[in-house]
Amino acid sequence: MAYDYDLFVIGGGSGGVRAARFTGPLGFRVGLAEEYRMGGTCVIRGCVPKKLLSYAAHGFEDVADLAGYGYDIAVKGFSWETLIAAKDKDIDRLEKAYQNTLTKNGVETFKARARLVDAHTVALRDTDTGEERTVTADKILLATGGRPTVPDMPGSEHAITSNEAFHLPSLPKQVVVYGGGYIAVEFASIFAGLGAETHLIYRGQQPLRGFDEDVRHFFLEQLDHLKNLTLHMGETITSLSRSDADGVLTVALASGASLQVEQAMFATGRTPNTPADLCLDGQIELTGKGAVKIDAFGQTTVPNIYAVGDVTDRVQLTPVALHEAMAFVKTVFQDTPTSMDHSNVATAVFANPEIAVCGLTEAEARAQYADIDVYQSSFRPMKNTLSGNPARSFMKLIVDRDSDRVLGMHMVGRDSAEMMQGFAVAIKMGAKKADFDATVGIHPTSAEEMVTMRKPV
Ligand code: NDP
């Protein structure tokens, strides 16, 4: 049977765009539907705008640091409106770049919401006109990503999520951030850094569950020093209510206390976008968490339909979605079955301080290996000696004693992500501690600490 397309991609985020733009040039007919803006979570309301706000949030600290180096400068003011306008302009530029890349690579795009009619038929409802049409495709790729979730509680409609945080008309004077994951600690750092009275509320004792325990502990200690930030660990929000008279939001806590703030941002997790009309009423099976169930090659329970990225809820990171998309293209359109190796994926949390990790935590390494050695170091980075900034850095290496292989690497402190990317290559290649020891450091840097730790703790 002749289909309209060889591949139809649903979702114009990192995974979907990557798969489409690499399949088109192979000579296949490719279509892609995106209901909102091209670029998806990462570009439009995630990694990219977040990183821009994170850069901005270091401004006051950077200026204060310069005093120790002889500068006599004061910040005259900060304009959230200017920052958001500049950020929006750059996001518009990137959105256009994504669209151009697709067009250049022969992908036909639709600004439309897609639903599946059957395994080969996609109904497209135009976002602007509401008109519906159907197209057919041999292969279909689900790359619909995820969306923030807010726990059910009285007044939860007053909470914003990261989606809205990027478009607030002004910097809130006081803000509650709820959650203890990536997004919560990143936004708490942004709001506090920019000068908002910020409250981070988390139900556990230390944010970032799943990270190495020493990293969590060190990170929390450092976070506690951050100006304008108050930590409320072991606390939950029970309700929100906004006063009609003055617009103040009252955040009631399980402990009985309450906070009066302008905004409350919930970063309490994300859920895959898998509405029933995208899943052929159950033919495309889901996991218990509502993600699309796939095999090692991204194939769903309907053989011609595949899925990549956050909608599969494996590792919710853009570079992972990109690799999964490339594996899909090789498997389906280049006759080379390829499954992505999700081990040793380096990741970073762009909070203040920054965290970067690659490989296993100490607890995971202890569970999987008979004997491990742990090397760690905490130090004041050189820049902070003259600046007087009290922030410290932390580094940790976990090594399998039998093979000498480095199993995990963890960093907390400024520029951790930039340092980790290079080390991640070595870890992916199976570097041994002896390789680290044989590497000559660059002096004076923070990164040299990673190749000069000699004694296990
Ligand atoms: P996470 O799953 O990382 O964190 C969710 C947080 O919300 C956890 O601290 C969780 O607590 C808490 N939580 C969940 N449900 C409730 C509830 N009902 N009541 C109170 N608290 C609750 O999600 P995020 O939204 O922060 O991020 C999603 C993913 O996006 C990340 O896992 C990451 O992969 C990706 N991401 C990556 C970034 C990067 O690369 N820098 C940046 C941002 C996101 P508990 O720990 O107790 O379960």
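The values are calculated or read from the model by the stated rules, or taken from the named source; none is laboratory data. Being a predicted model, the structure only gives us computed values, none of them experimental. When we count neighbours, we look across all protein chains shown, and the Cβ atoms used for this are built from the backbone with ideal geometry, even at glycine. Quick note on the areas: whole protein, heavy atoms, side chains included, nothing else; ligands and nucleic acids left out. Shrake-Rupley method; radii C 1.70, N 1.55, O 1.52, S 1.80 Å.
For the condition touching a residue at least 12 places away in the same chain (Cβ under 8 Å) and more than 21 Å from Asp341 (Cβ to Cβ), what is the one hit in Met409, Met395, Met420?
On the way: Met409 fails: more than 21 Å from Asp341 (Cβ to Cβ); Met420 fails: more than 21 Å from Asp341 (Cβ to Cβ).
The unique qualifying residue is Met395.
Quick check on this structure: which one of Val150, Val122, Val135 is open to solvent by 50 Å² or more (accessible area, probe 1.4 Å), over 19 Å from Ser54 (Cα atoms) and not charged (D, E, K, R)?
On the way: Val122 fails: open to solvent by 50 Å² or more (accessible area, probe 1.4 Å); Val135 fails: open to solvent by 50 Å² or more (accessible area, probe 1.4 Å).
Sole residue among the options that is open to solvent by 50 Å² or more (accessible area, probe 1.4 Å), over 19 Å from Ser54 (Cα atoms) and not charged (D, E, K, R): Val150.
Can you find a residue in the range 29-39 that is within 16 Å of the ligand (Cβ to nearest atom), in contact (Cβ under 8 Å) with a residue 40 or more places away in the chain and surrounded by 18 or more Cβ atoms within 10 Å (Cβ to Cβ)? Walk me through it before giving the result.
First, pick out the residues of the range 29-39 that are within 16 Å of the ligand (Cβ to nearest atom): 39.
Applying the additional criterion that residues be in contact (Cβ under 8 Å) with a residue 40 or more places away in the chain yields 39.
Retained after the next criterion (residues that are surrounded by 18 or more Cβ atoms within 10 Å (Cβ to Cβ)): 39.
Checked the range 29-39: at least one residue is within 16 Å of the ligand (Cβ to nearest atom), in contact (Cβ under 8 Å) with a residue 40 or more places away in the chain and surrounded by 18 or more Cβ atoms within 10 Å (Cβ to Cβ).
Select from the range 345-378 the residues that are assigned to a loop (DSSP other than H, G, I, E, B), more than 19 Å from His217 (Cβ to Cβ) and not aromatic (Phe, Trp, Tyr) and list them in ascending order. Full working, then the answer.
Of the residues in the range 345-378, the ones assigned to a loop (DSSP other than H, G, I, E, B) are 345-346, 350-354, 360-361, 369-371.
Now drop any that are not more than 19 Å from His217 (Cβ to Cβ), which leaves 345-346, 350, 369-371.
Those that are assigned to a loop (DSSP other than H, G, I, E, B), more than 19 Å from His217 (Cβ to Cβ) and not aromatic (Phe, Trp, Tyr): Val345, Ala346, Ala370, Asp371.
List the strands (runs of 3 or more DSSP E) that sit entirely inside the range 130-205 and contain at least 1 residues that are free of Cβ contacts under 8 Å to residues at least 60 places away in the same chain, in contact with a strand residue (DSSP E or B) (Cβ under 8 Å, 6 or more places away or on another chain) and within 16 Å of the ligand (Cβ to nearest atom). Spell out the reasoning first.
On the way: elements: 132-142, 146-148, 174-178, 197-202.
Here the list reads 197-202.
Here's a check for you: in the range 328-354, which residue that is within 9 Å of the ligand (Cβ to nearest atom) and open to solvent by less than 10 Å² (accessible area, probe 1.4 Å) is farthest from Gly269 (Cα to Cα)? Before the answer, list the steps.
Of all residues in the range 328-354, those within 9 Å of the ligand (Cβ to nearest atom) come to 347-351.
Checking the rest, the ones that are also open to solvent by less than 10 Å² (accessible area, probe 1.4 Å) come to 349, 351.
Details: Val349: 15, Ala351: 17 Å.
Of everything passing the filter in the range 328-354, Ala351 is farthest from Gly269 (Cα to Cα).
Looking at (1) over 27 Å from the mean Cα position of the chain (by Cα); (2) closer than 21 Å to Arg454 by Cβ, which one does Phe394 not meet, given that it meets all the others?
With (1) over 27 Å from the mean Cα position of the chain (by Cα); (2) closer than 21 Å to Arg454 by Cβ applied to Phe394, the lone miss is (1).
Would you say Arg314 is of a type in the set (Lys, Arg), modelled with pLDDT of 95 or more, open to solvent by 30 Å² or more (accessible area, probe 1.4 Å) and within 13 Å of the ligand (Cβ to nearest atom)? Spell out how you get there, then give the answer.
Numbers: of a type in the set (Lys, Arg): yes; modelled with pLDDT of 95 or more: no; open to solvent by 30 Å² or more (accessible area, probe 1.4 Å): yes; within 13 Å of the ligand (Cβ to nearest atom): yes.
It is false that Arg314 is of a type in the set (Lys, Arg), modelled with pLDDT of 95 or more, open to solvent by 30 Å² or more (accessible area, probe 1.4 Å) and within 13 Å of the ligand (Cβ to nearest atom).
Quick one: Ala325 ticks every box in (1) farther than 21 Å from Gly179 by Cα; (2) open to solvent by 20 Å² or more (accessible area, probe 1.4 Å) except a single one, so which number is it?
Of everything listed in (1) farther than 21 Å from Gly179 by Cα; (2) open to solvent by 20 Å² or more (accessible area, probe 1.4 Å), Ala325 misses just condition (2).
If we only count helices (runs of 4 or more DSSP H) wholly inside the range 1-114, which ones have 2 or more residues that are over 24 Å from Gly181 (Cβ atoms)? Before the answer, list the steps.
Values: elements: 14-23, 40-45, 47-57, 59-67, 80-104.
Where helices (runs of 4 or more DSSP H) fall fully within the range 1-114 and carry at least 2 residues being over 24 Å from Gly181 (Cβ atoms), they are 14-23, 59-67, 80-104.
Of the conditions (1) out of contact with any helix residue (DSSP H, G or I) (no Cβ under 8 Å at 6 or more places or on another chain); (2) closer than 30 Å to Leu397 by Cβ; (3) of a type outside the set (Gly, Ala, Ser), Gln174 fails just one. Which one is it?
Evaluating Gln174 over (1) out of contact with any helix residue (DSSP H, G or I) (no Cβ under 8 Å at 6 or more places or on another chain); (2) closer than 30 Å to Leu397 by Cβ; (3) of a type outside the set (Gly, Ala, Ser) leaves (2) as the failure.
For the range 7-33, give me each residue that is on the phi > 0 side of the Ramachandran plot and out of contact with any strand residue (DSSP E or B) (no Cβ under 7 Å at 6 or more places or on another chain). Can you show your working first?
Initially, the range 7-33 is screened for residues on the phi > 0 side of the Ramachandran plot, giving 11, 27.
If the condition is that a residue be on the phi > 0 side of the Ramachandran plot and out of contact with any strand residue (DSSP E or B) (no Cβ under 7 Å at 6 or more places or on another chain), then Gly27 is the only one that fits.
Which of the residues spanning the range 207-231 are within 13 Å of the ligand (Cβ to nearest atom), crowded, with 20+ Cβ neighbours inside 10 Å and free of Cβ contacts under 8 Å to residues at least 60 places away in the same chain?
Pro207, Arg216, listed by residue number.
Hey, Asp92 hits all of (1) open to solvent by 80 Å² or more (accessible area, probe 1.4 Å); (2) charged (D, E, K, R); (3) at pLDDT 95 or above but one; which does it fall short on?
It is condition (1) that Asp92 fails.
Pick from the range 296-318 the residues that are assigned to a strand (DSSP E or B) and of a type in the set (A, V, I, L, M, F, W, C): which of them is farthest from Gly39 (Cα to Cα)?
Filtering the range 296-318 down to residues assigned to a strand (DSSP E or B) leaves 299, 305-307.
Restricting the remaining residues to those that are of a type in the set (A, V, I, L, M, F, W, C) gives 305, 307.
Details: Ile305: 22, Ala307: 17 Å.
Among those that are assigned to a strand (DSSP E or B) and of a type in the set (A, V, I, L, M, F, W, C), it is Ile305.
I'm checking my understanding of the structure. Among residues of the range 358-381 that are more than 24 Å from the chain's Cα centre (by Cα) and charged (D, E, K, R), which one is least open to solvent (accessible area, probe 1.4 Å)?
Asp373
Condition check: within 23 Å of Pro272 (Cα to Cα), within 14 Å of the ligand (Cβ to nearest atom), in a strand (DSSP E or B) and not β-branched (Val, Ile, Thr). Does Arg125 satisfy that?
For Arg125, the condition - within 23 Å of Pro272 (Cα to Cα), within 14 Å of the ligand (Cβ to nearest atom), in a strand (DSSP E or B) and not β-branched (Val, Ile, Thr) - is not met.
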